[in-house]
Amino acid sequence: QVQLVESGGDLVQPGGSLRLSCAASEDIFNIYVMKWYRQAPGKQREWVAQITLGGNTNYADSVKGRFTISRDNAKNTMYLQMNSLKPEDTAVYYCSVSTVRVTYWGQGTQVTVSS
């Protein structure tokens, strides 16, 4: 069974940077899209960013220009580089990897932006 493990969540000051990683336990074939979501306490899950098979990226307006999604297929890992962090970015961040037939989810990693 494929496992996705997020890492890199931490406490960071406003304006700081953080890089989240999402590592798959094994190769996933025929990936359609890879996504990052986040969920703050008492809030709905929010889509943050995605990268497609062809390498096209897209971002939520709230993070556009500050966050960058990327992947390293050789390492079975994708990343979310987060810059200029704001307190409102505080949330549990989840990665997902989708094929046509199945979507895998990570367990989440906590990001806290506070002075």
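The values are calculated or read from the model by the stated rules, or taken from the named source; none is laboratory data. Keep in mind it's a predicted model, so treat the numbers as computed, not measured. Cβ coordinates were reconstructed from backbone atoms using ideal geometry, including for glycine residues, and neighbour counts include every protein chain displayed. The accessibility values were calculated without ligands, DNA or RNA, using every heavy atom of the protein model including side chains. Shrake-Rupley method; radii C 1.70, N 1.55, O 1.52, S 1.80 Å.
Quick one: in the range 42-76, of everything that is under 20 Å from SER25 (Cα atoms) and part of a loop (DSSP other than H, G, I, E, B), which residue is most open to solvent (accessible area, probe 1.4 Å)?
Result: LEU53.
Return the total of residues in the range 77-115 being part of a strand (DSSP E or B), open to solvent by 30 Å² or more (accessible area, probe 1.4 Å) and over 15 Å from ALA24 (Cβ atoms).
Qualifying residue count, the range 77-115: 4.
Give the range 1-22 a look and list any residue that's part of a strand (DSSP E or B) and buried (at least 17 other Cβ atoms within 10 Å of the Cβ), or say none.
Scanning the range 1-22 gives LEU4, GLU6, VAL12, LEU18, LEU20, SER21, CYS22.
Among the residues that make up the range 19-26, is at least one of them out of contact with any His (no Cβ under 8 Å at 6 or more places or on another chain), of a type in the set (Asp, Glu) and in contact (Cβ under 8 Å) with a residue 12 or more places away in the chain?
Yes: the range 19-26 contains one or more residues that are out of contact with any His (no Cβ under 8 Å at 6 or more places or on another chain), of a type in the set (Asp, Glu) and in contact (Cβ under 8 Å) with a residue 12 or more places away in the chain.
Which of the numbered conditions does GLY42 fail, given that it passes all the others? Conditions: (1) touching a Ser or Thr at 6+ places or on another chain (Cβ under 9 Å); (2) at positive phi.
All conditions are met except number (1).
Quick test of your reading of the structure: GLN39 fulfils all but one of (1) over 13 Å from the mean Cα position of the chain (by Cα); (2) open to solvent by 70 Å² or more (accessible area, probe 1.4 Å). Name the failing condition by number.
So GLN39 meets the others, but not (1).
Considering every residue within the range 23-36, establish whether at least one is open to solvent by 30 Å² or more (accessible area, probe 1.4 Å), farther than 16 Å from TYR104 by Cβ and among the charged types (D, E, K, R).
No: zero hits.
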